[in-house]
1. Checking the structure you have, find out if any residue of segment 99-117 is modelled with pLDDT of 85 or more and surrounded by fewer than 18 Cβ atoms within 10 Å (Cβ to Cβ).
2. Determine whether Gln552 is farther than 24 Å from Leu501 by Cβ and either among the charged types (D, E, K, R) or at pLDDT below 95 (or both).
3. May I ask you to say which residue of Thr44, Thr53, Thr74 is among the hydroxyl-bearing types (Ser, Thr, Tyr) and closer than 12 Å to Leu8 by Cβ?
4. Name the pairs whose Cβ atoms lie under 7 Å apart, with the first residue in segment 556-578 and more than 25 Å from Pro514 (Cα to Cα) and in contact (Cβ under 8 Å) with a residue 12 or more places away in the chain, the second hydroxyl-bearing (Ser, Thr, Tyr) and outside any helix (DSSP H, G or I), and 6 or more positions between them or separate chains?
5. Filter segment 169-179 for residues that are in a helix (DSSP H, G or I) and at pLDDT below 95; which is surrounded by the most Cβ atoms within 10 Å (Cβ to Cβ)?
6. Being open to solvent by 70 Å² or more (accessible area, probe 1.4 Å) and more than 22 Å from Arg133 (Cβ to Cβ) is the filter here; which residues of segment 180-200 pass it?
7. Across segment 146-160, which residue is least open to solvent (accessible area, probe 1.4 Å) among those that are in contact (Cβ under 8 Å) with a residue 24 or more places away in the chain and over 10 Å from Ala205 (Cβ atoms)?
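The values are calculated or read from the model by the stated rules, or taken from the named source; none is laboratory data. What you are looking at is a predicted structure, and each value in this text was computed from that prediction instead of being measured. With ideal geometry, Cβ positions are generated from the backbone for all residues, glycine too; neighbour counts draw on all protein chains shown. Areas reflect the complete protein model, heavy atoms only, side chains present, ligands, DNA and RNA absent. Shrake-Rupley method; radii C 1.70, N 1.55, O 1.52, S 1.80 Å.
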Amino acid sequence: MTEGAKRLSALLTRDVLEAFAWGHSFERGQDYAEAGLVRNLRATETGIMAKVTGTHTYRVKLTAEDGEIDHDCTCPVGMDGLFCKHCVAVGLTWLAGHGAAAEGAEQEPGGGDLRSYLRELDKEELISLLLERAEEDDRLYRRLETKSARATKAGPDLAVYRGAFDDALDTGGFVAYGEMYDYSSGLEEVVDSVADLLADGLAPAAMELAEYGLDGVEQAMEYLDDSDGWMGGLLERLQDLHLEACTEARPDPVELAGRLFEAQLESGFGVFHRAAESYKDVLGASGLAEYRRLVEAEWVKVPSLGPDEEDEDYYGSRLSITSLMESLARVDGDLDELVAVKSRDLSGPHGFQEIALVYQDSGHPDQALDWAERGLRAFPGHWGTSPLRELVAETYHEQGRHDEAMALAWEAFAENSALAMYRMLEKHAGKASSWRPHWRDKALAHIRTGLDEEPPAPSGKHTIWRLLPADGTVLVEIFLYEEDVATAWREAQSRGCASRLWLELAGRREKTHPADAIAIYRKHVDDLLRQTGNPVYEQAVNYLDKIRNLHQGADGKAAFQAYLQDLRNTQKRKRNLMKMLDGKGW
């Protein structure tokens, strides 16, 4: 056993795993361990590692340093830093071997550890083993090849690095979500090799390769599922490496300005966003002058837009060139220039809002209010004016103009009487010291009238037609927010509400009205079991556990057993569900 595995074994216990586990991870990890889903468990220099198979296959590492256990898993929960079910499964499987890795994997040839064994091998034999493995492992081959390319007497062979990028970026058509960790990890190793060049003082090479990698990553992004943001993180890292390399290498500023401009204009992912600000010290006066010349040559082609006017290229080069102009204005610290750039697009409320915020953030409240009011006048009744109304109302409160502020707040609430807008109205009425009873009663009456009356048909280009649910969902949400569970229950009984709220009501009434909670949970179990799959069955069993706990006394237990038997009879074809019920001992 390695020293790392020994340190881990000294700390790892079942109780420790249960204490570390997030949510229901311990129970689920125990199921994974018992099902034999832990594979390739072995000791490492720092602890243990394994693969855990399920819907996807994930890699887990458990280590011990300075008397503390650390963990790493490639699943989404693990990547958030939580001790997931896969970590639990690996820990339990290790403990089941009493500190020895499953299948004797920690026992290296010759009865010793792997490091000692490898020390005894001839150098040429080691080289042969490594090359043989590299022929089957593309990532290992790329690592060895880039290390070799860096060590040449003539300097690093950049063609090898570019080839490594090309191999790592090859999507093979499309990279699915479950494959993204392996794909991005392979690419990250190539980015690591570029970072090594920079650390070795080879900034010009690192700069060129960072640009090559950025271009390749952007092209690959169209052919993969980056839901977890792996590639976005690599884009940011490559940009950081490029800036650091440029700072050290000091390339020709005019040429750099041209490359940055072209990359920004063609990027669909915001590469080199705000380059004028980030690279201003590297570009210097000559580079910034060239950058400005290139940007302004495109800017003159961008038409001004007034309210409701459109630009066919709005989501194309217009947004990119506008961003570059704004970046230049911030470099100059010129407030008027920044407002002039933003004023080129007043096609919607958002343009007025951005200018108002620029003035507000720079300490010019009068100009901020003026632009916000102009936006409200330009777009009466437009759904996108809510932020403008909020800004104006807050300013009115500060000026003691509470009636005008409440008129705006009520206008917003009347358009969309959801819980969030109710809370917004409450906030503003609180500033005016007039929430209860006036504005609260008026708001509740407005909601009830909307529920009781036939809603009007939509009309007008900017009118929101967002109907309240044809039940008491909004009222139940409001009364639960106000901690008035009894009134929320009455509204739900009278008008109905969304299923999620029935469950919340059940949870709030478990202690005082267990029979009501049981009825709601039973209905939810019935709804769940109209579906199939282990995740659904796990949810159903959790609610069955709640039902069982709510049944008190001999009569209650008998009623639960009768209900459970009836459920077994109707759901008997769902074998995995039956196994879960058996596992509970019910």
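1. At the first step, the residues of segment 99-117 found to be modelled with pLDDT of 85 or more are none.
Looking through segment 99-117, none of the residues is modelled with pLDDT of 85 or more and surrounded by fewer than 18 Cβ atoms within 10 Å (Cβ to Cβ).
2. yes
3. Values: Thr53 fails: closer than 12 Å to Leu8 by Cβ; Thr74 fails: closer than 12 Å to Leu8 by Cβ.
Just a single option satisfies the conditions, and that option is Thr44.
4. Lys574/Thr532
5. Pass one, segment 169-179, residues in a helix (DSSP H, G or I): 169, 177-179.
The next check asks that each one be at pLDDT below 95; those that pass are 177-179.
Details: Tyr177: 13, Gly178: 12, Glu179: 15.
Checked segment 169-179; the qualifying residue surrounded by the most Cβ atoms within 10 Å (Cβ to Cβ) is Glu179.
6. Step one: filter segment 180-200 for residues open to solvent by 70 Å² or more (accessible area, probe 1.4 Å), giving 182, 188, 199-200.
Scanning segment 180-200 gives Ala199, Asp200.
7. We begin by selecting, within segment 146-160, every residue in contact (Cβ under 8 Å) with a residue 24 or more places away in the chain; these are 146-147, 150, 155-156, 158.
Add one more test, that the residue is over 10 Å from Ala205 (Cβ atoms), and what stays is 146-147.
Details: Thr146: 12, Lys147: 109 Å².
Restricting to residues being in contact (Cβ under 8 Å) with a residue 24 or more places away in the chain and over 10 Å from Ala205 (Cβ atoms), the top hit is Thr146.
Each row is one residue, and each column tells you yes or no for (1) of a type in the set (A, V, I, L, M); (2) closer than 29 Å to Ser227 by Cβ.
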| residue | (1), (2) |
| --- | --- |
| His24 | no, yes |
| Arg28 | no, yes |
| Thr44 | no, no |
| Gly54 | no, yes |
| Asp66 | no, no |
| His71 | no, yes |
| Met79 | yes, yes |
| Phe83 | no, yes |
